[in-house]
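The values are calculated or read from the model by the stated rules, or taken from the named source; none is laboratory data. Since the model is a prediction, treat every value here as computed from it, not as a measurement. Here Cβ is always computed from backbone atoms with ideal geometry, including for glycine, and neighbour counts include all displayed protein chains. Heads up: the accessible areas ignore ligands, DNA and RNA and are worked out on the full protein's heavy atoms, side chains in. Shrake-Rupley method; radii C 1.70, N 1.55, O 1.52, S 1.80 Å.
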Amino acid sequence: MAKRKVYLAKKSLEEAKAIWNNFLSTIEPKKETIPVKESLNRITASPVQASRSAPNFNASAMDGIAVSSEDTAGATEREPITLKGNQFKYVNTGNLIPEGYNAVIKIEDINQLDSGIKIFKSVSPWHNVRTIGESVMKGDQILTSNQKLKAYHIGALLEAGVFEVEVYAKPVLTVISTGDEIVSPESSPEPGQYVDFNSTMVKEMAEEAGGEINFYGVVSDEEKALKAAINQATQSSDLVITIAGSSAGSKDFTASIVEEKGEIFVHGVEIQPGKPLLLGAIENVPFIGLPGFPLSCLHAFENFGTMAVKALQKDSADADNYIQAKVKRKLASKPGRVEYVRVNLSFEKSQTGQEDFPIAVPRRRGSAVMKSQAQADGILEIPADREGLAVDELAEVKLLYPESCLKDNLVLAGSNDPLLDYLQELLITSAQKIKLRLQSRGSQAGIHALIRGEADLTTAHLLDPETGEYNLSYLDQIAEEPLELLTLAWRDQGLYLSPDSQLCLKNINDLKNKDITFINRQQGAGTRILFDYQLNQSNIKPAEIKGYDREEYTHAAVAQAVAVGSADTALGIRAVAKAFGLNFIPLFSERFELIYPTRLAEDYRIKKIKEIIKSNRFQEYLTEQTGYDLKDTGQIRNAGPSRRR
Ligand SMILES: Nc1nc2c(c(=O)[nH]1)N[C@H]1C(S)=C(S)[C@@H](COP(=O)(O)OP(=O)(O)OC[C@H]3O[C@@H](n4cnc5c(N)ncnc54)[C@H](O)[C@@H]3O)O[C@H]1N2
Ligand code: MOO
């Protein structure tokens, strides 16, 4: 077995960027001459001069008459002058000004008489005339070097008779994915295998930055194979990138190969995700070893790959768009490193004057949480000199969308249900284009997120075992302002069974059978409270149920346990049974409610939600899905501090 390596000393993000930038600036990019019409977003490598003037004749800028300014001298409202014969000529906008004339009077400023044209004002030479070279004069320098070409640059060059332009060549990147366990995204991965989507993410990011990509393909975890791949890539590209194998695993050869063939500048940067990245060079060709976890790969490329692609064609990096946002719960981080946290943004309270800043609502953290990234609005950065963020602290958030697209977001953190996905879709495709951001947290955590001013809305199905009523009593106890509760539906809770199962379960009493292994939800989960309540109602003691003490934190986790046979059955919602291909035996029905501050009740977004909930389209959808009872759908209830007992 190969000897395990240790990291080189880790560098701070700033230091690593400075080292990388210094090295990149020593590389003289290649140049090429290309047609102007194909030069969008390329960077000029030399200054560009106009080959012709535009316009190349004196042209009328108005519809009216061409005159000689001398003939108009002295004309006023009181003492108009009448121009006759050759003293004027009709012209339209854009026409050549005929020889002997040097100004234009607008058609609406003259009086047409049988005897000639009466004018009421004198005009100076070149009045209402676009003179030769007004737009651009032959020989003028239009662009300097290092200018990124936009649509209007291309327009200006074509007008000026420039059809070819010298630009820096697009840097060619070769991307090598590594690992025996890596298979193509189109295949079905076996346990232990991962699909390769990082290479495509890198391609899209590199192309966005102006690079061109060669895929080397996937290389196995063999030192010889990786060496050959890196060798070939170094000969044929401007930047070599490997994906995975950058850390300290027994098969992580990247660092030793780069060290042997070239030089390592940095191994390990104080960012999370993204830490074990490697920066180096082989034969003066820059080399980046990206970590394998996808979000580590993303942040490492965004920080160092994009920089290289831009530097290799002298493109000055576009500034990212940052805003300041407030957090409403403590966020942990390790001092000494920058930590990236995916967040949704709510502007709701800053718009109502309750807060000065938008609220950043953190999504799930980790180095491989792709849905979290796909549904985020921004990336919050916890600075390296901080040990976490406290409640109400501000942080910089890099926006993934323009701020104007996020202003009307509603952030919902709460209990999850597929009907929310459908509601979300109907909202964004409505005329109001309302973006509902969903974060799955469960009923209790969702309610607390609402109450501490983090989420705008929540969803819950919390049964009060004393009253048999949902949500109200809990909210009454802890709400700090009046809340409105909108019933979305009553939904089935029932038992999950594998389709191969021989068990015949009809009600909760059947769980007392010693041959049946149950798996439970965690304490505090809505489903757990319901289960305990129903056990109590049926006089069943927890000890009578095998597996009662085994807890999982999500519907999906218990469904997975039943699907792989590590438990016989579990209680959960119907939609998850369907997703996991399990049979479902409905036992109970529970109220599933949307909850928001009453001050939002008349907000246009909430009104739209109410309208959708009552629409035929939404109700037909719920009916088709089965497992929903619409008897109270759209019903509104109230909770809040004034009802506190
Ligand atoms: N003993 C230590 N182990 C690890 C450390 C450490 O400090 N000490 N750091 C961890 C961190 S942080 C990261 S990040 C990862 C980086 O690992 P590698 O770059 O060596 O990558 P692999 O182990 O080969 O793969 C990890 C993981 O990445 C996914 N992956 C890989 N390739 C692809 C691809 N082409 N497309 C999509 N996803 C990919 C896959 O989930 C792999 O399991 O190391 C930790 N370990
Ligand atoms: O730094 Mo690694 O990049 O977290 O997962």
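With a cut-off of 13 Å, note down the residues of the range 92-125 whose backbone N falls inside the zone around a label point 7 Å from the Cα of A73 toward its beta carbon.
Backbone N within reach: 122-125.
Run the 1.4 Å probe and let me know the accessible area of L143, rounded to the nearest 10 Å².
10 Å²
With θ set to phi - 60° and the Karplus curve 6.51 cos²θ - 1.76 cosθ + 1.60, what are the ³J(HN,Hα) couplings of the range 528-537 in order, to the nearest whole Hz, using x for Gly and Pro?
5, 4, 4, 4, 4, 4, 5, 4, 4, 4
How far is helix 418-428 tilted, in degrees, relative to the longest principal axis of the Cα atoms in the chain, given as a value from 0 to 90 rounded to the nearest 10?
10 degrees
With 17 Å as the cut-off, how large is the P(r) tail for the range 224-313, expressed as percent of Cα-Cα pairs?
42 percent
Could you name the lysines in cross-link range of K106, using Cα to Cα under 20 Å and dropping any fewer than eight places away on the same chain?
Output for K106: K84, K89, K118, K121.
Computed FRET efficiency, Cβ-Cβ of D63 and D140, R0 30 Å: what is it to the nearest 0.05?
Efficiency computed from Cβ-Cβ geometry: 0.55.
How much length is gained on full extension from T93 to K514, taking 0.36 nm per residue of separation minus their Cα-Cα distance?
In short, 142.1 nm is gained.
In Å, what Kirkwood hydrodynamic radius results for the chain from the alpha-carbon pair distances?
Computed over Cα pairs of the chain, the Kirkwood hydrodynamic radius comes out at 30.5 Å.
Tell me the label-point distance for the pair Q522, Q477, using the 7 Å Cα-to-Cβ offset, in nm and rounded to one decimal.
The two pseudo-label positions are separated by 1.9 nm.
Mind scanning K10/K371; K10/K398; K330/K541 and naming the pairs with a C-alpha gap bigger than 27 Å?
Too far apart for the 27 Å limit: K10/K371; K330/K541.
Counting only protein heavy atoms and a 1.4 Å probe, tell me what percentage of the chain's accessible area is made up of carbon and sulfur.
C and S atoms contribute 48 percent here.
Would you please name the chymotrypsin sites (Phe, Trp or Tyr not before Pro) within the range 122-183 that are DSSP coil residues with at most 14 other C-beta atoms within 10 Å of their C-beta?
F163
Order of 469-480, 589-600, 225-236 by packing, highest average Cβ count within 10 Å first? All intermediate terms of the calculation are to be shown ahead of the outcome.
On the way: 469-480: 18.8, 589-600: 21.0, 225-236: 17.2.
Ranking, from highest mean packing down: 589-600, 469-480, 225-236.
Which value in nm describes the separation of the simple spin-label points at T82 and H448, placed 7 Å from the Cα toward the beta carbon?
So the two model labels end up 9.4 nm from each other.
Among 455-462, 353-360, 280-287, how do they line up from the highest to the lowest mean number of other beta-carbon atoms within 10 Å?
Averaged packing, sorted descending, gives the order 455-462, 280-287, 353-360.
Could you give the length gained on full extension between D318 and S236, defined as 0.36 nm per residue of separation minus the Cα-Cα distance, in nm? It would help to have the intermediate numbers written out before the result.
Working: separation 82, 0.36 × 82 = 29.52 nm, distance 2.79 nm.
Gain in length upon complete extension: 26.7 nm.
Using only the heavy atoms of the protein chains and a 1.4 Å probe, how would R342, R637 rank by accessible area, largest first?
From most accessible down to least: R637, R342.
In debye, nearest 20, what is the charge dipole magnitude of the range 1-142 about its Cα centre with +1 on Lys and Arg Cβ and -1 on Asp and Glu Cβ, if you could check?
1560 debye
Using only the alpha-carbon atoms, how far is helix 223-236 inclined from the longest principal axis of the chain? Give it as 0 to 90 degrees, nearest 10.
10 degrees
If you roll a 1.4 Å probe over the heavy atoms of the protein chains, what accessible area per residue do you get for the chain, in Å²?
47 Å²
Run the helix sum for the chain: -39,500 (n - 2.57) per DSSP H stretch of 4+ residues, divided by residue count, reported at 222 nm to the nearest 500 deg cm²/dmol.
-7000 deg cm²/dmol
Largest first, how would W490, W20 line up by accessible area (1.4 Å probe)?
W490, W20
With +1 on the Cβ of every Lys and Arg and -1 on the Cβ of every Asp and Glu, and nothing else charged, how large is the dipole of the range 59-130 about its Cα centre, in debye rounded to the nearest 20?
My answer is approximately 60 debye.
Compute the helix-to-body angle for 13-24: its Cα long axis versus the longest principal axis of the chain, expressed 0 to 90° and rounded to tens.
40 degrees
In whole percent, what relative contact order does the chain give with Cα contacts below 8 Å and a gap of six or more residues?
11 percent
Could you tally the net charge around V195, taking each other residue with its Cβ under 13 Å from the Cβ of V195, Lys/Arg +1 and Asp/Glu -1?
Counting the neighbours of V195, the net charge comes to -4.
Using packing as a proxy for protection, rank 516-525, 441-450 so that the peptide with the highest average count of other Cβ atoms within 10 Å comes first.
Peptide ranking by packing, descending: 441-450, 516-525.
Net charge near A229, counting Lys/Arg +1 and Asp/Glu -1 over other residues with Cβ under 13 Å of its Cβ?
Its environment carries a net charge of 0.
Which trypsin sites (Lys or Arg not before Pro) does the range 96-135 hold that lie in a coil by DSSP with at most 15 other beta carbons within 10 Å?
Listed in order of number, the matching sites are K121.
In Å and from the alpha-carbon atoms only, list the Rg and Dmax of the range 588-645.
Using the Cα atoms of the range 588-645, the pair Rg, Dmax is 13.6, 41 Å.
If you average 1/r across every pair of different Cα atoms in the range 418-643 and take the reciprocal, what Kirkwood value do you get, in Å?
Final number for the Kirkwood radius of the range 418-643 is 18.5 Å.
With Cβ to Cβ distances under 9 Å as the rule, what net charge do the other residues near G378 carry (K, R +1; D, E -1)?
On the way: positive: R342, K398; negative: D377.
Around G378, the charge tally is +1.
If DNA, RNA and ligands are ignored and the probe is 1.4 Å, what is the ranking of D109, D238, D180 by accessible area, most exposed first?
On the way: D109 70, D238 35, D180 90 Å².
I get D180, D109, D238, largest accessible area first.
When the C-alpha atoms of the range 107-225 are aligned to their principal axes, what extent does each axis show, in angstrom, from largest down?
Projected onto the principal axes, the Cα atoms of the range 107-225 cover 96, 33, 17 Å.
Could you check the spin-label model distance between D356 and E181? Points 7 Å from the Cα along Cα→Cβ, value in nm.
That separation, rounded to one decimal, is 4.8 nm.
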